[in-house]
Amino acid sequence: IAKNIAQGSTNFILTERYVDIQIFLNNVMGSEEDIVYAFVQDSDGEILAHSFHGGFPADLKNVNVAGHGEDYRIQSLETEDGALFDIAVPVLRGDAGVVHLGISKDPAQRSVNKITGLIIMTVFAVLLAGIGLAVIFANKITAPLYELVETAHAVGNGDLGRKVHVTTKDEIGKLGAVFNQMTE
């Protein structure tokens, strides 16, 4: 947004049409609800236009000074209106001036919190699904072993007619078949 304002203000700054800059800033302020303030400085640091209704706060003039050659600069500010990001974007590499945009951190923080919540819920759902699959898989693997143990206890107690139900041809199935042969 700040870069778009800088690009849109370039011709107005170069042709000294400061009223048009003010109109442009007012339009941007009306269309973006997260923007707390916007102002444009010339290359000497003089304020050309701003969005403050009660006058420009002098303390803000020298905050977050973008140097020549920087594409943009972001600084965190604490104000009576809450936490803000001041974004400074040089116009024509700073030769024509600088656009400052104050954006509230609250919407950004809400977005981060929302994304974090979604990530936590996704991780929790995947974790639950993984645990469920692990339980099913472990039960599938250990059920024949439990049957073999129960049959071994029954045979040990004298029930020689008890057989292991062999359903697979893996190692457990082979062990069950050998066990059945032994009891016969």
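The values are calculated or read from the model by the stated rules, or taken from the named source; none is laboratory data. Just so it is clear, the model here is predicted, and its values are computed rather than measured. Cβ coordinates were reconstructed from backbone atoms using ideal geometry, including for glycine residues, and neighbour counts include every protein chain displayed. Ligands, DNA and RNA are excluded from the accessible area calculation, which covers all protein heavy atoms including side chains. Shrake-Rupley method; radii C 1.70, N 1.55, O 1.52, S 1.80 Å.
Among the residues of this structure, ILE136 counts as one that is farther than 22 Å from GLN41 by Cα and among the β-branched types (Val, Ile, Thr). Residues that are under 24 Å from the mean Cα position of the chain (by Cα) and free of Cβ contacts under 8 Å to residues at least 40 places away in the same chain do occur in the stretch 86-101. For the stretch 66-97, a residue qualifies if it is at pLDDT below 85, hydrophobic (A, V, I, L, M, F, W, C) and crowded, with 16+ Cβ neighbours inside 10 Å, and the qualifying residues are ALA66, ALA96. All of (1) part of a helix (DSSP H, G or I); (2) within 28 Å of the chain's Cα centre (by Cα); (3) polar (S, T, N, Q) hold for ASN139 with one exception: (2).
Looking at ALA143, is it surrounded by 10 or more Cβ atoms within 10 Å (Cβ to Cβ) and modelled with pLDDT of 90 or more? It is false that ALA143 is surrounded by 10 or more Cβ atoms within 10 Å (Cβ to Cβ) and modelled with pLDDT of 90 or more.
Determine whether the stretch 33-55 contains at least one residue that is closer than 14 Å to GLY102 by Cβ, open to solvent by 40 Å² or more (accessible area, probe 1.4 Å), at pLDDT below 85 and under 32 Å from the mean Cα position of the chain (by Cα). Yes.
Sub-9 Å Cβ pairs linking a first residue in the stretch 32-47 that is touching a residue at least 24 places away in the same chain (Cβ under 8 Å) to a second residue that is of a type in the set (Asp, Glu) and open to solvent by less than 40 Å² (accessible area, probe 1.4 Å), at least 6 apart or interchain, are TYR37/ASP86, ordered by first then second residue. Taking first residues from the stretch 9-26 that are within 14 Å of VAL89 (Cβ to Cβ) and partners that are of a type in the set (Lys, Arg) and surrounded by 13 or more Cβ atoms within 10 Å (Cβ to Cβ), no Cβ contact under 8 Å between residues at least 6 apart in sequence or on separate chains turns up.
Suppose the filter is in contact (Cβ under 8 Å) with a residue 12 or more places away in the chain, charged (D, E, K, R) and open to solvent by 60 Å² or more (accessible area, probe 1.4 Å); does ASP59 pass it? No; evaluated as a whole, the condition is false for this residue. Here the stretch 100-123 is the region considered, the condition is being at pLDDT 90 or above and β-branched (Val, Ile, Thr), and the residue that is nearest to TYR37 (Cα to Cα) is ILE115.
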